[in-house]
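Step one of this worksheet: look at the structure below.
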Amino acid sequence: MLETSALACERGGLRLFSDLGFSVAPGGLLRVRGANGSGKTTLLRALAGLTRPAAGAVRWRGEPIGDGYRGEMLFLGHAPAIKDELSVLENLEFSASLAELKNSDCKIALQQMGISRLADLPARYLSQGQRKRAALARLALSAAVPLWLLDEPFAALDDEAIIGVSALCATHLAAGGMLVLTSHQDVPISCATTRDIELQ
Amino acid sequence: MNSELFRLAAPQAFFPVAGKMLPWFSFLAGALALAGLYVAFFVAPTDATQGEAYRIIFIHVPAAWMSMFIYVMMAGWAGFGLAMNTRLSGMMSSALAPTGAMFTFIALWTGALWGKPTWGTYWAWDARMTSELVLLFLYLGFIALKGAIQDPARADRAGAILALVGVVNVPIIYFSVQWWNTLHQGASVSLTRAPSMAAVMLLGMLLMALAAWMYSIAVALARLRRIILERERDAEWAKLQRSTA
Amino acid sequence: MTGFLTVLRRELRIALRRKGDALNVLVFFVVVASLFPLGVGPEPNQLRAMAAGVAWIAALLAALLSLARLFAADYADGTLEQMLVAPQPLAAVVLAKICAHWLLTGLPLALVAPLIGLQYGLPADALCVLLVSLLVGTPVLSLLGAAGAALTLGVRGGGALLGLLVLPLFVPVLVFGAGAVTASLIGINPAAHLSLLGAFLAVSLLVGPWASCAALRVALD
């Protein structure tokens, strides 16, 4: 269970949001909304432990987030973390082993994202959308990771990929996973407990 | 922990305190400097071997002391700020850095002026002068890094890391330069090894060192007040402060 | 350990596919060292006395050139972010990047340096000392330089600033490294210099990765 209490974040001395308190229980989906620059990405980065909150705390299983938390969380930011010099498969294998996930499932994950035929292509030849798909292939590997934090997962994706990704999310939630995402698009993800927060 | 101290660690609370302390330290700095200069120029005797030129050590030595001491202080504040996450500490290290760099520069400058009549050259690759030069580079790096990072909180933390790395390295750098100097047998005249330091000379040096201390504190406080106002410019109290000033 | 090996393998694989990067640094090193005689004249005794200093200064500059890119690409494409949120300890990841940097720049530099020494007329035993001093000293450049590279990440004017931050910290390496060669030239046993260089390497091994990790966390805050 992920909780925040009285969370506040600043960027360049400017207060983005303050006194933010919410919790995400197993099977729960939290959608973060707000205009450009309202602090959606900052909030997600704070939840991932990257940005230090100006006040308040993020808690995981009742404890302030620490080293153990990183093994139970998947964070995918704006940047796809794809290296041009490596092939699509090599990229995925690297991020999987960095995240201590099973390497052997990588090919299946690429298949699920519909890019298995690109597996051996150097990533520099990928289009923006294909790059995003390659990054999101991590989701297919991370079923056992309880908490997913996704920043704009649907940006640059075509309809087919959007359906694929939202299906992966729904499966994850149905299996008791937790999901926090920011999105401009209204993508339906079937989930029993969906909550929205709007950042001003 | 002492809650009063922690209350003062808030920039807003420290601002008026610094303002009250400022005139006292400025006054002390001026008085001590006058006394020290009086001793240096009118009481201390002319040196038998070096004549009047040696009197520059009354500036040089205190400046060299302060240059090293301020670096340690700066690193101390920076490290404290990094560990305890107090905003004031980072501002304190920012406030100290220019003063430290200035004293380092003065030590180098007076050293060069002193070197001309004694060694016949403005710059000799003496171990102390060379380490002082490296120290100046360390100060400049710290100031440049802090200036290059826009977000003040980030700048404080990055500066703190650099200062801590620097303070670990400073003794090693000093030692290595000393070592280098003995290998190459360069100029070995040392400024502080002035022949037969008389008690009155020591007194003058001590007065000047104390004056430098008080000056450093006064200037750091003044600079700190400016930094606080600048960083808290969006806070209500700071707006009020500026409108009354 | 898996994190260390994973990152090291990846860094080397990327470097293998962009051979130019590592090669350019090496060529830069040779070019800088070869220009000095053109500036100071070809007098053999003077060149012999300068050789160690020139080789070391050229090595510092070459290291600086390559350090600017140490984290930049990973920072830009989001890999660094993933390294920070990964369960693998960041110190292992950073140490792997530092190791890879040394393998790709420090080690080749050290191996090429005796050639420079030959150009400057160094005798055989001084060439050996130069090689050893670079082998022990260049890891320090990668370790402390990584901290500088992490501190200047995403900062405007990063390249020149990096030099200002790390070059003063390299003073002991320069003194002990070049000093070892000079000592052997004038008939002093260079062992003392080399042990001091080794001691400084040990200190850097503690300071460098710590500072790099802390600075990366700040840069990605």
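The table below gives the values:
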| item | result |
| --- | --- |
| Selection count where residues are of a type outside the set (Gly, Ala, Ser) and either at pLDDT below 90 or part of a helix (DSSP H, G or I) (or both), scope region A:129-148 | 8 |
| Failed condition for residue A:41, given (1) more than 10 Å from every other protein chain (Cβ to nearest Cβ); (2) among the hydroxyl-bearing types (Ser, Thr, Tyr); (3) in contact with a Phe, Trp or Tyr (Cβ under 9 Å, 6 or more places away or on another chain); (4) within 23 Å of residue A:177 (Cβ to Cβ) | (3) |
| Lone qualifier among C:160, C:150, C:113, C:126 - being in a helix (DSSP H, G or I), touching a residue at least 40 places away in the same chain (Cβ under 8 Å) and within 14 Å of chain B (Cβ to nearest Cβ) | C:150 |
| Check on residue A:156, of a type outside the set (D, E, K, R), in a loop (DSSP other than H, G, I, E, B) and within 23 Å of residue C:89 (Cα to Cα) | no |
| Any chance residue B:158 is within 14 Å of chain C (Cβ to nearest Cβ), crowded, with 21+ Cβ neighbours inside 10 Å, among the small types (Gly, Ala, Ser) and within 30 Å of residue C:148 (Cα to Cα) | yes |
| Hits in region B:77-88 (condition: assigned to a helix (DSSP H, G or I) and free of Cβ contacts under 8 Å to residues at least 60 places away in the same chain) | B:77, B:80, B:83, B:84 |
| Residues being more than 8 Å from chain B (Cβ to nearest Cβ) and either assigned to a helix (DSSP H, G or I) or within 19 Å of residue C:106 (Cα to Cα) (or both) - total across region C:194-221 | 17 |
| Candidate set: region A:62-83, residues that are surrounded by fewer than 19 Cβ atoms within 10 Å (Cβ to Cβ) and touching a strand residue (DSSP E or B) at 6+ places or on another chain (Cβ under 7 Å); chosen: the one farthest from the other protein chains (Cβ to nearest Cβ) | A:64 |
| Scan of region A:115-128 for residues that are part of a helix (DSSP H, G or I) and either among the basic types (Lys, Arg) or surrounded by 21 or more Cβ atoms within 10 Å (Cβ to Cβ) (or both), ordered by number | A:117, A:123, A:124 |
| In region A:1-34, the residues that are among the small types (Gly, Ala, Ser) and either free of Cβ contacts under 8 Å to residues at least 24 places away in the same chain or closer than 19 Å to residue A:147 by Cα (or both) | A:5, A:12, A:13, A:21, A:23, A:25, A:27, A:28 |
| Matching entry among B:169, B:181 (being modelled with pLDDT of 90 or more and within 14 Å of another protein chain (Cβ to nearest Cβ)) | B:169 |
| Residues of region C:52-95 classified as more than 10 Å from chain A (Cβ to nearest Cβ) and of a type in the set (Val, Ile, Thr), total | 3 |
| Selection status of residue C:49, in contact (Cβ under 8 Å) with a residue 60 or more places away in the chain and within 16 Å of the chain's Cα centre (by Cα) | no |
| Count - residues of region C:65-83 that are surrounded by fewer than 21 Cβ atoms within 10 Å (Cβ to Cβ) and out of contact with any His (no Cβ under 8 Å at 6 or more places or on another chain) | 8 |
| From the options C:26, C:38, residue that is touching a residue at least 12 places away in the same chain (Cβ under 8 Å) and either away from every other protein chain (no Cβ under 14 Å) or within 20 Å of residue C:137 (Cβ to Cβ) (or both) | C:26 |
| Options B:111, B:115: the member that is buried (at least 23 other Cβ atoms within 10 Å of the Cβ) and either modelled with pLDDT of 90 or more or not in a loop (DSSP other than H, G, I, E, B) (or both) | B:111 |
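Residue-wise test of (1) within 28 Å of residue A:190 (Cβ to Cβ); (2) basic (Lys, Arg); (3) in a strand (DSSP E or B).
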site: A:8; (1), (2), (3): no, no, yes
site: A:15; (1), (2), (3): no, yes, yes
site: A:18; (1), (2), (3): no, no, yes
site: A:23; (1), (2), (3): yes, no, yes
site: A:46; (1), (2), (3): yes, no, no
site: A:52; (1), (2), (3): no, yes, no
site: A:70; (1), (2), (3): no, yes, no
site: A:75; (1), (2), (3): yes, no, yes
site: A:107; (1), (2), (3): yes, yes, no
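The values are calculated or read from the model by the stated rules, or taken from the named source; none is laboratory data. Here the structure is a predicted model, which is why all the values come from computation and not from measurement. Don't worry about glycine lacking a Cβ; one is built from the backbone with ideal geometry, like all the others, and counts go over all protein chains shown.
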